[in-house]
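Submitted below is the structure of interest, expressed as structure tokens.
The values are calculated or read from the model by the stated rules, or taken from the named source; none is laboratory data. Every value quoted in this text rests on a predicted model; they were computed, and no experiment measured them. Cβ sites come from the backbone with ideal geometry, for glycine too, and all protein chains shown count toward neighbours.
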Amino acid sequence: MMPLLSLSWLVPLAGALMLLLIGNADGRRDGLIRWLSLGVALAPFAVTLALWAGFDATSAEFQFVERYPWIPAFGIHYFVGVDGISLLLVVLTGFLTPIALLSSWGSIDRKVKEFSVFMLALEAAMIGVFVSLDLFLFYVFWDAMLVPMYFLIGIWGYDQRIYAAIKFMLYTMAGSVLMLIAILGLAYLYSAATGTYTFDLLKLYTLDIAPQTQMWFFLAFTVAFAIKVPLFPFHTWLPDAHVEAPTAGSVILAGVLLKMGTYGLLRFSFPLFPQAAAYFAPWLALLAVIGIIYGALVAMVQPDMKKLVAYSSVSHLGFVVLGICAMNVQGVQGAIYQMLAHGVSTGGLFLLVGTLSDRRHTRLIGEFGGLKDVMPRFTAAFTIITLASIGLPGLNGFVGEFLIMLGAFRWDPRFASAAGLGVILSAVYMLWMFQRVFYGPVTHEENATLPDLRPREWAGVLPLCAMALVMGIFPTLFLKPMEASVDALVQRVRATQTLQANTR
Amino acid sequence: MFDSSLDAVVPMLCVALAALAVTGAEAFRAHDENMPVGGLGIVGLTGAAVSSVLLWNRNATSFGVIVADNFGLFVTVVLVIVGVLTIMFSSPVVRRDGLPKGEYYALVLFALVGMIMMATANDLLVVFIALEILSLAVYVLTGIRRDDPRATEAAFKYFLLGAFSSAFFLYGIAFTYGLSGSTRLDRIGVYLAAQSMSDNPLILVAIGLLLVGFAFKISAVPFHMWTPDAYQGAPAVVTGFMSTGVKAAAFAAFTRVFLSALEPFSADWAPIVWLLAAATMILGTVVGVAQTNLKRMLAYSSIAHGGYLLVGLVAANQVGKAAILFYLLAYAVTNLAAFGVIALLGARDDANDELRDYTGLWHTRPAVAALMTVCLLSLGGLPPTAGFIGKWYVFSAAVSAGYYGLAIIGVLTSVVSVFFYLRVVVMMYMADRGPALAVPARVSGVGMAALVASIVVIFYLGILPTLALDLAAASIATIF
């Protein structure tokens, strides 16, 4: 069998290294490099689709597993595999990267080679994060991912790019180094119990950790993930990074990077430290609900479209965290579904806002108005994505939010009802922005002659719109593969919680 | 091949012979004759490397005071790498700045002799002699540009404070000798352990004095005052040499003395070293943030790295000892390469070592900027580089010894340090093009080769560290 998982991150990495070898000092080969990088990015997408096709949805086990010793002295393995939780996130990464690359063709016109190299390296690291089952390997990808993103924001971003890039890097690192200590602590605990070091996640799952220690380790892991999500009050890096990043960077940031945080909660924080998770879950959920409402309120008053979308992410990811905290099948399935849906719809929003700002070099809502008649096709696409983001039934956002609310209600109706307010608010800020940008008279003369979507832009927008529809109409297609794994996860966390509660 | 009792000194001897050959060549050359004396140094260092490999696992001892155990040999190989890279970076610098070629290379090689001796010494007096050999050579190297007032000042300051620290160290030796009747490390350990000296205050005085001496050499806070000035004043390549070579040698001796002879008293000295480590990491990074001169910034950075090494010393377990060795290797290659970049980009009249000089380097010298970025990321401890594995190793030592607090200080300061390493990256890649660096028309081929080799090693150690990790673990297995 082909080592599909290794291919999925090695192909973009190899592509990035290959692009480095092409001489392009004067920008003469920009066109070649653009096509080449798009081709390279489509290859891992094909690989991720092959993963999906070959995935056995009835099994909760990790599949496509590859395991080789890497640093035997510490029991570190190159150990990768996917289950229903990570599979679709990998597919999402493969899906969004070519779209993001395509979107950069109109806006990135200097140092195209380096841009493509960083984008592909970023993709490799992101896929690596989702497929790693060895904590060391995971941490390597987790940290390595920061470097290309830092360069993408810092070199090709907007005015405040340097500030935003450094803030992004330092915030994320500050969280992840504490996780590093906790990872080392876990490995040490394991060696104290069994005599050998290991960073193998599956072995560490079986480790029995004292409740007091669980608390600390849970906090160390969760703060790292909460910063990434970002959970209120760790979210302040996000508006800067999202707004200052180039469009392609924002698409990836919102589409994939944020999901690493929620994925980490699901994969590491909750199953590794179930008892601490039970203790902290209400607090996390409280922060999540605050984030949902706070993000929505702040989004409402933003004059800048990109910033509005950025804050809407804080709100939407709050739903995801709420679903995870509920830790029942509906909640977790909804959370994963919402992760995917948010990747598609918010990725799409950043793409469309980027398209607009490429044309007008401004993203202020007040600078627009009446675009409906000027750019009808653009307006149609924007409508679909906006409604998807709000969570209109029949589009992708609805399924996730509905399941999360269901799960949250079964767990604690108070959180569910507070989060319900967020659903309403999201309709308010999205539709209000939509109205101000697209309806009314054309207030600025420059806007009267804006060109509609070009074929290349369609190539990026169309798959996203289609995906929003498919995910809304055929949710089973996506819920099926994750079902077994989610069941197993919820059972494991719950069982350990009751077991430990009984023995105490 | 190695049967006599001189086996253990062979690596040192190779370098010493090369140094003498360089001195001789300098003395007898015609006035305008240009001899490739740097090459002689490389030959000698290669001899040292080969003999170290042959001596591996043999535990050879010469005169009872020089031991070529695996620990010493590992450090010797690190020092050989430092030496080779230094010579390669030096060759364009010596020509450009018009440094006295013969003297320069001879001093570098003599310093290396002292360093190797220090790493393999098993007797406090030999450690002291080694310390003096390397120190004297490095004092002169610091001030080798006599036309530069900064360098002269730096050399003088370094000399004065270094002399002080030597006195402390010697005084510590005297106390130790007075208590145990020997200067041999193995005998001191046995004797002190047998006598249950732990309630004797004099042993604490002895330990304290030795500690001060070592702390000066590894520039641990609060004994670091000389470091920023000396590092900034010296030519960049010399700074790279001393910030890696001297530190490696001093740490080897420090580890040997404190983790073998004085191991029984670790309850007494561990809390102090804990404080030194924490203060060194914190001050090195926090003050580093405020620097605008790249050399000075890297000076503070290397102070901070001394702190990380001290963490391994505090942990004092098997993991910690091996971690020190691996970290020394990773740090030496990375730091030397970073200073190599500064050296290669300098000019005779303008060191080009202000942070703003690097504005837009990406556009003028993309390859150098990329290599520098890798060095900086490795210093900051980001994967997949050598620096990441080094930090991982050191902190896992701390965690497995239960020093969670120290590990947390360590990782948090390394985040702060990333901030100032990134400032350089920001300058090179992101800042708007200001007054461009007066880049030399051509970056020397030898220098670039050394840089590329360093980067290859950095990635190799970062991605496939197994070989180096195993060697480091094997090195400490024999003696401690």
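When you go through B:Val374, B:Val452, B:Val426 one by one, which is the residue that is at the interface with chain A (Cβ under 9 Å from one of its Cβ atoms) and more than 30 Å from A:Thr196 (Cα to Cα)?
Every option except B:Val426 fails the conditions.
With respect to A:Ala192, is the statement that it is within 10 Å of another protein chain (Cβ to nearest Cβ), in a helix (DSSP H, G or I) and crowded, with 24+ Cβ neighbours inside 10 Å true?
no
Can you tell which of A:Phe218, A:Phe151, A:Phe168 is within 23 Å of B:Phe420 (Cβ to Cβ), more than 10 Å from every other protein chain (Cβ to nearest Cβ) and modelled with pLDDT of 90 or more?
Values: A:Phe218 fails: within 23 Å of B:Phe420 (Cβ to Cβ); A:Phe151 fails: more than 10 Å from every other protein chain (Cβ to nearest Cβ).
Within the list A:Phe218, A:Phe151, A:Phe168, the selection yields A:Phe168.
Which count do you get for residues in the range A:271-328 that are in contact with a strand residue (DSSP E or B) (Cβ under 8 Å, 6 or more places away or on another chain) and surrounded by fewer than 20 Cβ atoms within 10 Å (Cβ to Cβ)?
2
Right, here's the next one. Please specify each residue of the range A:364-379 satisfying the condition of being part of a helix (DSSP H, G or I) and either within 19 Å of A:Arg454 (Cβ to Cβ) or without any contact (Cβ under 8 Å) to a residue 24 or more places away in the chain (or both).
A:Leu371, A:Lys372, A:Asp373, A:Val374, A:Pro376, A:Arg377, A:Phe378, A:Thr379 - these are the residues of the range A:364-379 that are part of a helix (DSSP H, G or I) and either within 19 Å of A:Arg454 (Cβ to Cβ) or without any contact (Cβ under 8 Å) to a residue 24 or more places away in the chain (or both).
Within the set of pairs 6+ apart or on separate chains, which have a first residue in the range B:265-288 that is more than 19 Å from B:Val394 (Cβ to Cβ), a second that is of a type in the set (Phe, Trp, Tyr), and C-beta atoms under 7 Å apart?
B:Val287/B:Tyr300
Go through (1) within 11 Å of chain B (Cβ to nearest Cβ); (2) at pLDDT 90 or above; (3) surrounded by fewer than 24 Cβ atoms within 10 Å (Cβ to Cβ) one by one and return the number of the condition A:Lys111 breaks.
(2)
Would the range A:130-141 turn up any residue that is without any contact (Cβ under 8 Å) to a residue 60 or more places away in the chain, in contact with a Pro (Cβ under 6 Å, 6 or more places away or on another chain), surrounded by 24 or more Cβ atoms within 10 Å (Cβ to Cβ) and closer than 28 Å to A:Lys203 by Cα?
Scanning the range A:130-141, I find at least one residue that is without any contact (Cβ under 8 Å) to a residue 60 or more places away in the chain, in contact with a Pro (Cβ under 6 Å, 6 or more places away or on another chain), surrounded by 24 or more Cβ atoms within 10 Å (Cβ to Cβ) and closer than 28 Å to A:Lys203 by Cα, so the answer is yes.
Moving to a separate point now. Of the residues in the range A:154-165, how many are more than 10 Å from chain B (Cβ to nearest Cβ) and hydrophobic (A, V, I, L, M, F, W, C)?
1
Now a separate question. Starting from residues that are part of a helix (DSSP H, G or I) and in contact with a Lys or Arg (Cβ under 6 Å, 6 or more places away or on another chain), keep the ones in the range B:95-128 and report whichever is nearest to B:Leu185 (Cα to Cα). Let's see the steps before the verdict.
Taking the range B:95-128 as the starting set, the residues that turn out to be part of a helix (DSSP H, G or I) are B:95-97, B:101-120, B:124-128.
Next cut, in contact with a Lys or Arg (Cβ under 6 Å, 6 or more places away or on another chain) only: B:96-97.
Numbers: B:Arg96: 45, B:Asp97: 44 Å.
Among them, the one singled out is B:Asp97.
I'd like to verify a number: residues in the range A:41-80 that are more than 14 Å from chain B (Cβ to nearest Cβ), part of a strand (DSSP E or B) and touching a helix residue (DSSP H, G or I) at 6+ places or on another chain (Cβ under 7 Å), how many?
Residues in the range A:41-80 being more than 14 Å from chain B (Cβ to nearest Cβ), part of a strand (DSSP E or B) and touching a helix residue (DSSP H, G or I) at 6+ places or on another chain (Cβ under 7 Å): 4 in total.
Something else: Considering only residues that are within 9 Å of chain A (Cβ to nearest Cβ) and either within 23 Å of the chain's Cα centre (by Cα) or touching a residue at least 24 places away in the same chain (Cβ under 8 Å) (or both), look in the range B:398-410 and name the one that is surrounded by the fewest Cβ atoms within 10 Å (Cβ to Cβ).
Filtering first and then ranking leaves B:Ser400.
Here's something else I'd like to know. Take the residues of the range B:339-360 that are crowded, with 24+ Cβ neighbours inside 10 Å and within 20 Å of B:Ala431 (Cα to Cα): which is nearest to the chain's Cα centre (by Cα)?
B:Val341
Within the range B:149-236, which helices (runs of 4 or more DSSP H) (wholly inside it) include 2 or more residues that are without any contact (Cβ under 8 Å) to a residue 24 or more places away in the chain and in contact with a helix residue (DSSP H, G or I) (Cβ under 8 Å, 6 or more places away or on another chain)?
So the answer is B:149-180, B:185-194.
Return a yes/no flag: does the range B:429-444 have any residue that is part of a helix (DSSP H, G or I), out of contact with any Leu (no Cβ under 9 Å at 6 or more places or on another chain) and facing chain A (nearest Cβ under 9 Å).
yes
I would also like to ask the following. If A:Ser86 passes every condition in (1) polar (S, T, N, Q); (2) over 20 Å from A:Val251 (Cα atoms); (3) crowded, with 19+ Cβ neighbours inside 10 Å but one, which one does it miss?
Unmet condition: (2).
Taking the options A:Leu253, A:Leu238, A:Leu257, name whichever one is in contact (Cβ under 8 Å) with a residue 60 or more places away in the chain, more than 17 Å from A:Leu135 (Cβ to Cβ) and in contact with a Pro (Cβ under 6 Å, 6 or more places away or on another chain).
None of the others qualify; the one that does is A:Leu238.
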